[in-house]
Amino acid sequence: MFSKELADKIDAAAREEIATYGLPTLRHYELSLTKGIELAKKLNADVNLVQAGVALMDIKLGQAAKEGHQPEHVKYCVEYAEKLLTELGIDDPYYSNLINCVAAHHGAIPFTSLEAEIVANADCYRFIHPRGVMSFHATVVKRGNEHDAALKAVEAKLDEKYGILSLDVAKEELLDYYKMFKDILTVGKDS
């Protein structure tokens, strides 16, 4: 079992990055953290490892965005996670597992553990759960996008993240929200 003390240190590092760069939003971070822990408990996974994985998955998103490299944020996050985990003295199997939590959270590479799969699914709540969708829309508008452009970004993320969902328990919880937002986003498209 991964230690709560180490998970809390990684969580503190993520919160420090959020305070510095503003991304992910604290609202998004806490939603994925809460849902990740809930999923870990339901699926008998290592809760502390999931907490650390959620904290690391987007830990450098804000910096990457500020530097104009948001699409490469996973690379930034992996590099930072490798450094932080080494500094904290975290060895395998936890080291490899946590790096996979970061690298696989967009579904581009396979999950090597249940915890990594939970982290990826927890990330999906940020863009499918109502609290996450509303927060994302507000963030996109704050970035200077017009309302219609923000709605397109919301729908693109909604579809992307729904495609990543892999856990039945998460799919079951998010399916009705997904359908609801798809219905809302299609109203008036043809007019």
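The values are calculated or read from the model by the stated rules, or taken from the named source; none is laboratory data. In this text the structure is predicted, and so the values were computed from the model without any measurement. Counting neighbours? That spans all protein chains shown, and the Cβs are built from the backbone with ideal geometry, glycine included.
Can you pull out every residue in segment 6-25 that is surrounded by fewer than 21 Cβ atoms within 10 Å (Cβ to Cβ) and at pLDDT below 95? Passing the criteria: GLY22, THR25.
Residues that are of a type outside the set (A, V, I, L, M, F, W, C), at pLDDT 95 or above and more than 13 Å from the chain's Cα centre (by Cα) do not occur anywhere in segment 116-126.
Table: residues versus (1) in contact with a Lys or Arg (Cβ under 8 Å, 6 or more places away or on another chain); (2) within 14 Å of ASP123 (Cα to Cα); (3) of a type in the set (S, T, N, Q).
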residue	(1), (2), (3)
VAL140	no, no, no
ARG143	no, no, no
GLU146	no, no, no
LEU151	no, no, no
GLU155	yes, no, no
LEU158	yes, yes, no
GLY163	no, yes, no
LEU167	no, yes, no
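Tallying residues that are charged (D, E, K, R) and within 17 Å of LYS142 (Cβ to Cβ) within segment 5-46 yields 1. Just to be sure, is LYS66 among the basic types (Lys, Arg) and exposed (fewer than 15 other Cβ atoms within 10 Å of the Cβ)? Spelling it out, LYS66 is indeed among the basic types (Lys, Arg) and exposed (fewer than 15 other Cβ atoms within 10 Å of the Cβ). Of everything in segment 115-155, what is free of Cβ contacts under 8 Å to residues at least 60 places away in the same chain and not in a helix (DSSP H, G or I)? Give them in sequence order. Answer for segment 115-155, where residues must be free of Cβ contacts under 8 Å to residues at least 60 places away in the same chain and not in a helix (DSSP H, G or I): ARG143, GLY144, ASN145, GLU146.
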